[in-house]
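The values are calculated or read from the model by the stated rules, or taken from the named source; none is laboratory data. Note that the structure is predicted; figures quoted are calculated from it, not measured. Glycine also receives a Cβ, built like all others from the backbone with ideal geometry; neighbour counts cover every protein chain displayed. With ligands, DNA and RNA removed, areas are computed over all heavy atoms of the protein, side chains included. Shrake-Rupley method; radii C 1.70, N 1.55, O 1.52, S 1.80 Å.
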Amino acid sequence: DFPATPLLMQARNSNEEQRADFLLQFRPGQRKLGFAIMGGIYGEGIDYRGDSLIGAIVVGVGLPAMDTVQELIRRDYEAGGLDGFDFAYRFPGLSRVLQAAGRVIRSESDRGVVILIDQRFGQAFYRSLLPEHWQVNFCRDHDQLAAGLTQFWAANKKSIGK
């Protein structure tokens, strides 16, 4: 099924027209696979309704790059007796992950899958910060993932109009 699915990729340094063209490709009832940078220009202010976007794969925990600003934030929190790494890196990273997931589920009637790829999501720190209403399943291999996805889509077939 995947080879017949049209593939779209976010263009590096795309202008407003290219961004609009990319977004117009995602319409209800169409099957397309799109790749975009987490936290990039496609992460916020975009409303994919119904089955316009039924899944997202998030690779990594979204940590910001180590730079002067993030390091100043880290030091400031540590000076206040808090875990500076959490406030400068882990919390902003998880915010990016949640924004990416939020593109899939926009209303109570939306159904979709968010796949988080990174062993760190299995750590207690990250698990404790994921929304309580998420139905989290940990998959150790491709077969477990395929079985979980098949079960989810079978249970939600009517919800997405397939």
Test Arg127 against the stated conditions and say whether it is open to solvent by 70 Å² or more (accessible area, probe 1.4 Å), among the basic types (Lys, Arg), modelled with pLDDT of 90 or more and in a helix (DSSP H, G or I).
yes
Hey, can you tell me all the residues within region 79-117 that are open to solvent by 70 Å² or more (accessible area, probe 1.4 Å) and either of a type in the set (A, V, I, L, M) or at pLDDT 85 or above (or both)?
Ala79, Leu82, Asp83, Phe85, Phe87, Phe91, Arg96, Ile105, Ile117
Considering every residue within region 52-59, establish whether at least one is surrounded by fewer than 16 Cβ atoms within 10 Å (Cβ to Cβ) and among the hydrophobic types (A, V, I, L, M, F, W, C).
yes
